[in-house]
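The values are calculated or read from the model by the stated rules, or taken from the named source; none is laboratory data. These figures come from a predicted structure and were not determined experimentally. No Cβ is skipped: glycine too gets one built from the backbone with ideal geometry, and neighbour counts run over all protein chains shown. Protein only, heavy atoms only, side chains kept; ligands, DNA and RNA dropped before computing areas. Shrake-Rupley method; radii C 1.70, N 1.55, O 1.52, S 1.80 Å.
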Amino acid sequence: MNLATKLLALAAAATLSAGAAFAQDPTFFRIGTGSAGGTYFPIGGTIANGISAPPGARPCDQGGQCGVPGLIAIAQSTTASVFNNTAVQNGELEAGMAAADVTRSMFLGEGKFDGKPHEKLRIVANLYPEDLHLVLPKGQSVTSLSDLAEKRVGIAQAGSGTQVAVEMMLAEWGVTRDNMDEAELNNSQSAERLADGQLDAYFYAAGWPVSAMVQLATTKGMELHSFTDEDLAKINELIPAYIPSKIPAGVYDGISYDVKTPAVSALLVVSSDLSDELVYGITSALWNDNTRRLLDSGHAKGKQITAETALNGISALGVPLHPGAQKFYQEAGLLE
């Protein structure tokens, strides 16, 4: 039995099993995502659609929804990683999308979160790489991050994993809030400010193509900073979760060159308070054929979200899988 067939059989069995427990009453499941102009929000909406099967919905085999029977999942726009992980820890969200580096730091209570471990965080899956975009006005360039001193720079919104990582990177090149004019904005706001000449540059980590940047590129135009190999190695040493990556030429209108940039994995995170049975059913629904079709036909990053890569980097991250997800991956032969 190949992996695809095995996953299909497991998903079908898990749906029936989960249905017995959750079909009687609706179970609401909130997924924290990010801003509407980024990648978390559309991907989170696709996942919510895939794992849902509201009470009274047509059965999967009759063209209905193929999620966990009785489950109503809702993607909520938030300020992203830090907010989502905090809300999951506090029980204000059942799940959230979050960057791997921030999730590790928050779970362990390290770095910016020293002494404040978020011990309830559990992983369901590694989803896709989030590439760091350093966006500049059309025709502009920088040689290194040190050139951003004394500039007006968008560092992403407070509560985002991007901001945490970007501040660490900038400090390594001698740029801090003391010597730059920082702006805490989401992706759409940053793109608008750059287009209006109110920003000299802005950062955002997201899976390409990012809708706000697609619009910026096709209207005012933009440039993306391509990091040197030496700078990528320096960033990887500073923040090991950020690894060298590439935004291919042609992803954005007018960007005719490959962009070397660091990237971090986006994760789907839940609370340890959720039952093993529920998370097993959600993990199964995430990897069934119906959700596969939704991911393939939605945002471009959806095609990179696969069961085969769901555990990439998880063992070295130091944040546990939820036992319900772990059971599914073991049964699927993806985990010993």
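Please go through the range 76-87 and pick out each residue that is modelled with pLDDT of 95 or more, outside any helix (DSSP H, G or I) and either open to solvent by 30 Å² or more (accessible area, probe 1.4 Å) or aromatic (Phe, Trp, Tyr) (or both).
Gln76, Ser77 - these are the residues of the range 76-87 that are modelled with pLDDT of 95 or more, outside any helix (DSSP H, G or I) and either open to solvent by 30 Å² or more (accessible area, probe 1.4 Å) or aromatic (Phe, Trp, Tyr) (or both).
Which residue, of Gly159, Gly174, Gly250, Gly197, is outside any strand (DSSP E or B) and closer than 21 Å to Ser35 by Cβ? Outline the logic, then answer.
On the way: Gly174 fails: closer than 21 Å to Ser35 by Cβ; Gly250 fails: closer than 21 Å to Ser35 by Cβ; Gly197 fails: closer than 21 Å to Ser35 by Cβ.
Within the list Gly159, Gly174, Gly250, Gly197, the selection yields Gly159.
Residue under question is Arg122, and the condition is that it be surrounded by 17 or more Cβ atoms within 10 Å (Cβ to Cβ), of a type in the set (D, E, K, R) and not in a helix (DSSP H, G or I); does it hold?
Numbers: surrounded by 17 or more Cβ atoms within 10 Å (Cβ to Cβ): yes; of a type in the set (D, E, K, R): yes; not in a helix (DSSP H, G or I): yes.
Yes, satisfied.
Would you call Ala165 at pLDDT below 95, open to solvent by less than 50 Å² (accessible area, probe 1.4 Å) and under 22 Å from the mean Cα position of the chain (by Cα)? Steps first, answer last, please.
On the way: at pLDDT below 95: yes; open to solvent by less than 50 Å² (accessible area, probe 1.4 Å): yes; under 22 Å from the mean Cα position of the chain (by Cα): yes.
Taking the combined requirement at face value, the residue satisfies it.
What number goes with the only condition from (1) touching a Leu at 6+ places or on another chain (Cβ under 8 Å); (2) modelled with pLDDT of 95 or more; (3) farther than 19 Å from Val124 by Cα that Ala21 does not pass?
(2)
With the requirement that a residue be in a loop (DSSP other than H, G, I, E, B), within 17 Å of Val135 (Cα to Cα) and open to solvent by 60 Å² or more (accessible area, probe 1.4 Å), what does the range 177-194 give you? Break it down into steps so the answer makes sense when it comes.
Keep residues of the range 177-194 that are in a loop (DSSP other than H, G, I, E, B), which gives 177-180, 184-186.
If we keep only those that are within 17 Å of Val135 (Cα to Cα) as well, we get 180, 184-186.
Selection gives Glu184 alone.
Out of the residues in the range 125-156 meeting the condition of being assigned to a strand (DSSP E or B) and either acidic (Asp, Glu) or over 20 Å from the mean Cα position of the chain (by Cα) (or both), tell me which one is farthest from Tyr257 (Cα to Cα). Working first, answer last.
Within the range 125-156, the first condition is being assigned to a strand (DSSP E or B), and the residues that meet it are 125-137, 152-154.
From what is left, the residues that are either acidic (Asp, Glu) or over 20 Å from the mean Cα position of the chain (by Cα) (or both) are 130-131, 136-137, 152-153.
Numbers: Glu130: 19, Asp131: 15, Leu136: 14, Pro137: 16, Arg152: 25, Val153: 23 Å.
Only one residue fits best here, namely Arg152.
Yes or no: Val142 modelled with pLDDT of 95 or more and either within 16 Å of Ile247 (Cβ to Cβ) or not charged (D, E, K, R) (or both)?
Values: modelled with pLDDT of 95 or more: yes; either within 16 Å of Ile247 (Cβ to Cβ) or not charged (D, E, K, R) (or both): yes.
In short, yes.
Of everything in the range 253-284 that's open to solvent by 50 Å² or more (accessible area, probe 1.4 Å) and part of a loop (DSSP other than H, G, I, E, B), which residue is nearest to Val88 (Cα to Cα)?
Step one: filter the range 253-284 for residues open to solvent by 50 Å² or more (accessible area, probe 1.4 Å), giving 253, 256-258, 260, 273, 275-277.
So of that shortlist, the ones also part of a loop (DSSP other than H, G, I, E, B) come out as 253, 256-258, 273, 275.
Numbers: Asp253: 37, Ser256: 40, Tyr257: 39, Asp258: 37, Asp273: 10, Ser275: 14 Å.
Across the range 253-284, the extreme among qualifying residues is Asp273.
What number of residues in the range 185-194 are modelled with pLDDT of 95 or more and either in contact with a helix residue (DSSP H, G or I) (Cβ under 6 Å, 6 or more places away or on another chain) or closer than 16 Å to Ala149 by Cα (or both)?
1
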